Amino acid sequence: MRLAFRLLLLAVIAASGCASRGNVDLLEARLRDQEDQLRSLHAQVDRTNSELTAARRLNETLKQKVVQPASHEAAFDLSELHFQVTGLKINPLLTGGFNRDGQPGDDQITLVVSPIDRLEQPIQVPGHVECELLDLARPSEQQRLGLWEFDAVKTRAAWQKSLGSFGYRFELPWQMPPAAGDLELRVRFQTEHGDRFETSAPIQIALPKSTLGADQPMP
């Protein structure tokens, strides 16, 4: 259809005698550009329709969850809605050393972390969280300062929405008082389906004066 229109238009121009070969070439180039733009628009429409279809399926799934009898367990388990976790992200603004008791120096780390999808949006899905605090300046066998684990029940209860941020919030009190202010926090997350994700972030803390140079675990 487009080819026939193009040939007809070129024939009219040629018959009129008012177009040079250069003008015909220019017109053909413009027509090709327009056809490329049309193909791109059609592809975009197809993608949008696919996304709309997926959104409608998700909407139907949500409706079915809402009308399920109360006897069903986990009546609203997001993991069943096929959200795809692609990574793990630590919120740098809400993660760091925290002073609980008002005495000089931090005495714990506050962590906010969330599973994310392909658009890097936070997703609330059940899973197991493991947090490891390291002092990389120490010998390798002495680097670990603490290891905290949270099962799916504790993780679900730790979900928070605050300051425009979504994520799991954990408090990690010292297991071994750090002797350096620059540490590394590693976080591992395993979904109930067995998928594993890991991330890390540098952590800066204010050292408690009473624990400077301490190497022994806290009682």
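Scanning region 147-158 for residues that are in contact with a Lys or Arg (Cβ under 9 Å, 6 or more places away or on another chain) and in a strand (DSSP E or B) turns up nothing.
Among the conditions (1) within 20 Å of the chain's Cα centre (by Cα); (2) at pLDDT below 70; (3) basic (Lys, Arg), the only one that Arg57 does not satisfy is (1). Within region 105-118, track down each residue that is assigned to a loop (DSSP other than H, G, I, E, B), under 23 Å from Gln204 (Cα atoms) and touching a Ser or Thr at 6+ places or on another chain (Cβ under 8 Å). Matches in region 105-118: Gly105 only.
Return yes when Gln143 is surrounded by fewer than 17 Cβ atoms within 10 Å (Cβ to Cβ), under 19 Å from Gly87 (Cβ atoms) and assigned by TED's automatic domain parsing to the domain that holds Gly181 and no when it is not. No. For region 92-134, a residue qualifies if it is in contact with a strand residue (DSSP E or B) (Cβ under 7 Å, 6 or more places away or on another chain) and of a type in the set (A, V, I, L, M), and the qualifying residues are Leu94, Ile109, Leu111, Val112, Val113, Ile116, Ile123, Val125, Val129, Leu133, Leu134.
The set of residues in region 97-118 that are more than 12 Å from the chain's Cα centre (by Cα) and surrounded by 14 or more Cβ atoms within 10 Å (Cβ to Cβ) comprises Gly97, Phe98, Asn99, Gly105, Asp106, Asp107, Gln108, Ile109, Thr110, Leu111, Val112.
Every residue, every condition in (1) within 21 Å of Gly97 (Cα to Cα); (2) over 18 Å from the mean Cα position of the chain (by Cα); (3) assigned to a helix (DSSP H, G or I); (4) modelled with pLDDT of 95 or more, yes or no:
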site: Glu120; (1), (2), (3), (4): no, no, no, no
site: Tyr168; (1), (2), (3), (4): yes, no, no, yes
site: Leu172; (1), (2), (3), (4): yes, yes, no, yes
site: Arg188; (1), (2), (3), (4): yes, no, no, yes
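Of the residues Phe166, Phe170, Phe189, Phe197, the single one that is more than 19 Å from Thr86 (Cα to Cα) and surrounded by 15 or more Cβ atoms within 10 Å (Cβ to Cβ) is Phe170.
The values are calculated or read from the model by the stated rules, or taken from the named source; none is laboratory data. Being a predicted model, the structure only gives us computed values, none of them experimental. Neighbour counts run over all protein chains shown; Cβ positions are idealised from the backbone, glycine included.
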